[in-house]
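*Asks:* Here it is: the structure, laid out below.
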Amino acid sequence: MRTVLANILAIYRRELSSYFASPLAYAIAAIFWLISGFLFWATLEGIVQQAAFYDAQAQAGAPVPPLDIPYEFIRAVLGVVGSLSLFVLPILSMGLYAEERKRGTLELLATSPLTNWSVAIGKLLGVVTFFITMSLPILVYEAIALANVNPAVQPSVLLLGHAGLILLAAAVLSLGMFISSLTDSTILAAIFTFALVLALWVIDLIARNFTGGLADAIGHLSLLKHYTNLVQGVVDTGSLVLFASYIVLGVFLTAQSIDALRFQRS
Amino acid sequence: MIEVEHLSKIYGSTPAIEDVTFSVAPGEILGFLGPNGAGKTTTMRILSGYLPASQGTAKVAGFEVHEHSMQVRQRIGYLPETPPLYPEMTVEGFLNFVAQIKGVSAGDRASRITLALQKCNLLEKRKTLIRKLSKGFRQRVGIAQAIVHDPPVIILDEPTVGLDPRQIIDVRNLIKQLANDHTVILSTHILPEVSMTCDRIAIINRGRVVATNTPESLMEQLVGGSGYELEIAGNSLAIQQCLKRVKGVKYVEEMRIENMPEHRIKVRVVAESNTEPGHAIAVALVQNGVKLYEMRRVQASLEDVFLELTTEEKPVDPTESETVETEIPASASANVNSEETAPSSTPSQIPESTEDAE
């Protein structure tokens, strides 16, 4: 058990250090920060204008729907950041295995006393850590924006939303890792992972716009729907189990596909 | 230490290797020699557990490579055909990672890495990014990663590819050093490499092992040791009789060569092993009044063995006859043996090595 943990740690460290040594990773992070910063500002501006509009209406005596500005703001920000992440995640996951296959380093990993599981888990932890680093500034922006709100926003709400964002990312990255393990072309891996993300969207749309047995069943599987739940502060064991299932599924499929590679390599 | 029995690997319908059987004793260096595409890499990959075999068994240190993959992986150091390197890491960082995943304990790691760097002459490059290294250095980092965890069995697939002559000598010496307490199996298509470094050679061609032996006995067995080539004038039979009586001569044969000057013949005298009858031959010829025009010592080389074993058996082999022809001085007329056109089985002079065959 100790050696397994040591192996996972070794892979994790290598993976993480390679992100910090890679110009691509910096470019992705920079673009992500630029766009997310702009979206944050735009959302904040929108919310402020909406609040001013409601204030004006209330002073004129018109009926105003109850509105919790801080929570509405958190929901909106995490909504757009979640969508933005879906575009960035395939780029993060595309190289996880495809790159190793292309460079021949998979041959090193496959002939070292490591299980496929520990390699996959180490890699996933590495890329999720990188994503956390990427999403951290948004948490800081929110904390600053909401610092002087009265009554104060519970930090737990904010943290829960971000935990949801990380779980969503981990699930997508895990499946992206599996896709990456199927090919030695990073471009192909990215394209197929984008297709997967689009499929997740379609699932979410079906779940939202249709009713009935099938739509409900699909709705239960929708990552985005469960993400929205967490962002709204609803902690449901079902959501957590669903995220965990997606993550484990991705890791399991990856380990299997790498094992299968040994047999089909011909 | 390594036992391979009846190993076969079939890709689709074409066999990459067929019925390969050999074994390597502890502390021994086995050279796996063969032309490109003969199945060397496939065999290495099966031994390392990277590829499953279609048939047969391969055992490393008593463990079947596929069934007990983990035990085998703990005991081998493996340099694949292309060195598996992470370009964004430093040499030291990479070796540290490899030592970690190979299970070297944290306490030993630093000293093991320094030792591997030392052995591969990489100390001054320890902080350099692998991306910035030349091909030769990368190859050496590849070797360093195979030995960093001090495995009992080391598998090297073409370890000297891309190195300059000086580095090749270093790597060969390194491999020899390793053999003291490791078992080494290396593949190559470079002949001098095996004759210089290996205790035993397995020659593989078209997926089959065609010979396994020590370099010396292979040469002995297949080409018949060293000998002399004589160009003389006179009665062929009488001369042969006379030469056969000389002590140390195993047998004499006339070489059928076209375009010899009139009345001249070339004979090949094959010596018993570990004898040098050169002087005695000269004395015998002089005493019998035979006119001697040329006398040359011919050392059978591994190249001959290799060519003999790996060249297809055709009545007239274009490449071989070419080699023979270039040796003959383009002298005039007189076809001594017009009915014979097949190339002689000369232990020919070493053709310009097969190193640049790729």
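*Asks:* Given A:Asn150, A:Asn116, which one is open to solvent by 10 Å² or more (accessible area, probe 1.4 Å), over 17 Å from A:Phe20 (Cα atoms) and either among the hydroxyl-bearing types (Ser, Thr, Tyr) or within 14 Å of another protein chain (Cβ to nearest Cβ) (or both)?
*Replies:* The match here is A:Asn116.
*Asks:* Identify the single condition in (1) under 26 Å from A:Ile144 (Cβ atoms); (2) part of a helix (DSSP H, G or I) that A:Leu67 does not satisfy, given that it satisfies every other one.
*Replies:* Answer for A:Leu67: the failing condition is (2).
*Asks:* Which residues, taken from region B:68-85, are free of Cβ contacts under 8 Å to residues at least 12 places away in the same chain, part of a helix (DSSP H, G or I) and within 7 Å of another protein chain (Cβ to nearest Cβ)?
*Replies:* B:Met70
*Asks:* How many residues does region B:91-110 contain that are more than 8 Å from chain A (Cβ to nearest Cβ), assigned to a helix (DSSP H, G or I) and in contact (Cβ under 8 Å) with a residue 40 or more places away in the chain?
*Replies:* Adding up the residues that qualify gives 4.
*Asks:* Let me ask something additional. Within region B:227-262, work out how many residues are aliphatic (A, V, I, L, M) and surrounded by fewer than 16 Cβ atoms within 10 Å (Cβ to Cβ).
*Replies:* 3
*Asks:* When only residues in region B:135-159 that are modelled with pLDDT under 90 and in contact with a strand residue (DSSP E or B) (Cβ under 7 Å, 6 or more places away or on another chain) count, which is least open to solvent (accessible area, probe 1.4 Å)?
*Replies:* B:Pro159
*Asks:* Same structure again: What about A:Tyr26, is it of a type in the set (Ser, Thr, Tyr), crowded, with 20+ Cβ neighbours inside 10 Å and within 14 Å of chain B (Cβ to nearest Cβ)?
*Replies:* no
*Asks:* Of the residues that make up region A:101-112, is at least one more than 14 Å from chain B (Cβ to nearest Cβ) and assigned to a helix (DSSP H, G or I)? Please lay out each step first, then the result.
*Replies:* Residues of region A:101-112 that are more than 14 Å from chain B (Cβ to nearest Cβ), as a first pass: none.
The answer is no, given that none of the residues of region A:101-112 is more than 14 Å from chain B (Cβ to nearest Cβ) and assigned to a helix (DSSP H, G or I).
*Asks:* Of B:Glu124, B:Glu88, B:Glu64, which residue is more than 28 Å from the chain's Cα centre (by Cα) and more than 9 Å from chain A (Cβ to nearest Cβ)?
*Replies:* Details: B:Glu88 fails: more than 9 Å from chain A (Cβ to nearest Cβ); B:Glu64 fails: more than 28 Å from the chain's Cα centre (by Cα).
Answer to the selection: B:Glu124.
*Asks:* For region A:225-238, name all the residues that are open to solvent by 20 Å² or more (accessible area, probe 1.4 Å) and either assigned to a helix (DSSP H, G or I) or charged (D, E, K, R) (or both).
*Replies:* In the first step, residues of region A:225-238 are kept if they are open to solvent by 20 Å² or more (accessible area, probe 1.4 Å); the result is A:225, A:228-229, A:232-238.
Hits for region A:225-238 are A:Lys225, A:Thr228, A:Asn229, A:Asp236, A:Thr237, A:Gly238.
The values are calculated or read from the model by the stated rules, or taken from the named source; none is laboratory data. Note that this is a predicted model, so its numbers are computed, not measured. Note: ideal-geometry Cβ built from the backbone for every residue, glycine included; neighbour counts use all protein chains shown. Note: areas computed on protein heavy atoms with side chains; ligands, DNA, RNA excluded. Shrake-Rupley method; radii C 1.70, N 1.55, O 1.52, S 1.80 Å.
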